[in-house]
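Chemist: Pasting a structure here, questions to come.
The values are calculated or read from the model by the stated rules, or taken from the named source; none is laboratory data. Here the structure is a predicted model, which means the values were calculated and not measured. Glycine also receives a Cβ, built like all others from the backbone with ideal geometry; neighbour counts cover every protein chain displayed. Please note that ligands, DNA and RNA were not included when accessible areas were found on the heavy atoms of the full protein model with its side chains. Shrake-Rupley method; radii C 1.70, N 1.55, O 1.52, S 1.80 Å.
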Amino acid sequence: MSAVANRYPAPARAIEGVPVPAASQWLRDAMRYIADPHPNVGFEPERIAPGVREEAGRALIAIDRVLRPATEDDWRAFVAPLRSLPQAPTTAASLALAISGFTFAMNDVPAAALTIDRSREASRSLRFWPSPAELDSILRPATDALKRERRLLDAVAKAPTATTRAAPTEAERAHITAGFASLQAELRARAAEKPRTEAKPSHLNHNQLRAAYAGIDTDAARTRLAALEGRSE
């Protein structure tokens with residue numbers, strides 16, 4: 001039972017600290033296979049279990065929600081603790097301008113990546129109010145990992161399925177039959193060009209028999225040789 005139960009989705013899952021929809025073991029296996037296929041074999045559709053493509057399609061819908069780009073309100077909440085850093089904006093207008101800059105420069109950063117833990121990390125690691133480049137170095141690992149997850153899910157969802165060969169048509173059957181008939185005719189023609197010959201036995205003459213028995217040192221050979229000698233005398 002435990003082996004079967006382990007195939008079902010886990011209660012929770014996270015990528016770089018960002019909660020994402022749970023995935024079955026079958027889907028995780030398919031994603032690993034898509035990410036690192038055998039270089040000498042090529043893609044094998046049967047390696048993706050039945051129903052996994054559909055599960056990947058549902059997961060795509062969910063992870064697209066996770067990848068929703070951060071809005072200005074999301075950035076405002078994320079950088080609020082950073083206003084204690086030196087050179088932080090001191091007026092509402094300058095803060096709005098800075099937040100607008102983050103939103104524009106990092107328009108691919110999902111709101112889900114703007115966690116309180118990363119805000120704490122920024123507060124600890126930054127000496128001054130950050131530039132977009134400095135914040136991007138903190139947020140990029142999670143952003144790229146989530147994007148990679150989406151690419152793998154999309155590849156599994158769109159993976160080709162194993163197809164079976166359709167039954168041959170009447171025209172194909174006729175073509176195959178004609179091919180066999182042509183081959184049989186060719187083989188019969190070759191056989192007619194080279195008639196079989198039967199092997200004929202080769203008999204030794206009197207002198208050949210005498211020489212043969214003379215070279216064999218056995219009683220039977222000597223007896224036969226003596227008979228031949230007597231016959232020749």
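Chemist: Criterion first (of a type in the set (D, E, K, R), within 42 Å of the chain's Cα centre (by Cα) and either farther than 30 Å from Pro19 by Cβ or modelled with pLDDT of 95 or more (or both)) does Glu172 satisfy it?
Modeler: Judged against the criteria, Glu172 is a match.
Chemist: Another one. Among the residues of region 69-117, count how many are part of a loop (DSSP other than H, G, I, E, B), within 43 Å of the chain's Cα centre (by Cα) and not hydrophobic (A, V, I, L, M, F, W, C). Show your work before the answer.
Modeler: Initial filter on region 69-117 (part of a loop (DSSP other than H, G, I, E, B)): 70-71, 85-91, 106-109, 114-115.
Filter once more, keeping what is within 43 Å of the chain's Cα centre (by Cα): 70-71, 106-109, 114-115.
Right, trim to not hydrophobic (A, V, I, L, M, F, W, C) and you get 71, 107-108, 115.
Total satisfying the criteria: 4.
Chemist: Kindly list the number of the only condition in (1) surrounded by 11 or more Cβ atoms within 10 Å (Cβ to Cβ); (2) out of contact with any Asp or Glu (no Cβ under 9 Å at 6 or more places or on another chain) that fails for Ala157.
Modeler: (2)
Chemist: Give the residues of region 176-189 that are open to solvent by 100 Å² or more (accessible area, probe 1.4 Å) and at pLDDT below 75, sorted by residue number.
Modeler: Phe180
Chemist: Which one of these does Arg120 not meet: (1) open to solvent by less than 50 Å² (accessible area, probe 1.4 Å); (2) part of a helix (DSSP H, G or I)?
Modeler: For Arg120, the failing item is (1).
Chemist: Answer yes or no as to whether Pro110 is open to solvent by 40 Å² or more (accessible area, probe 1.4 Å) and either touching a Lys or Arg at 6+ places or on another chain (Cβ under 9 Å) or hydroxyl-bearing (Ser, Thr, Tyr) (or both).
Modeler: Answer is no for this residue.
Chemist: While we're here: Those residues that are touching a Pro at 6+ places or on another chain (Cβ under 7 Å) and of a type in the set (Val, Ile, Thr), I need them from region 114-145; list them, please.
Modeler: Result: Thr143, single match.
Chemist: Of the residues Arg83, Arg47, which is closer than 20 Å to Arg120 by Cα, open to solvent by 60 Å² or more (accessible area, probe 1.4 Å) and either in contact with a helix residue (DSSP H, G or I) (Cβ under 8 Å, 6 or more places away or on another chain) or of a type in the set (Ser, Thr, Tyr) (or both)? Step through it out loud before you land on a result.
Modeler: Working: Arg47 fails: closer than 20 Å to Arg120 by Cα.
Result: Arg83 is the single residue among Arg83, Arg47 that is closer than 20 Å to Arg120 by Cα, open to solvent by 60 Å² or more (accessible area, probe 1.4 Å) and either in contact with a helix residue (DSSP H, G or I) (Cβ under 8 Å, 6 or more places away or on another chain) or of a type in the set (Ser, Thr, Tyr) (or both).
Chemist: Which residue is farthest from Thr143 (Cα to Cα), if the candidates are limited to region 40-53 and must be free of Cβ contacts under 8 Å to residues at least 12 places away in the same chain and either not in a loop (DSSP other than H, G, I, E, B) or not aliphatic (A, V, I, L, M) (or both)?
Modeler: Top of the filtered list is Asn40.
Chemist: Being open to solvent by 30 Å² or more (accessible area, probe 1.4 Å), part of a helix (DSSP H, G or I) and of a type in the set (Gly, Ala, Ser) is the filter here, so list the residues in region 123-144 that pass it.
Modeler: So in region 123-144, the residues open to solvent by 30 Å² or more (accessible area, probe 1.4 Å) come out as 123-125, 127-129, 131-134, 136-137, 140-141, 144.
In the following step, the residues that additionally are part of a helix (DSSP H, G or I) were identified as 123-125, 132-134, 136-137, 140-141, 144.
Within region 123-144, Ser123, Ser125, Ala133, Ser137 meet the criteria.
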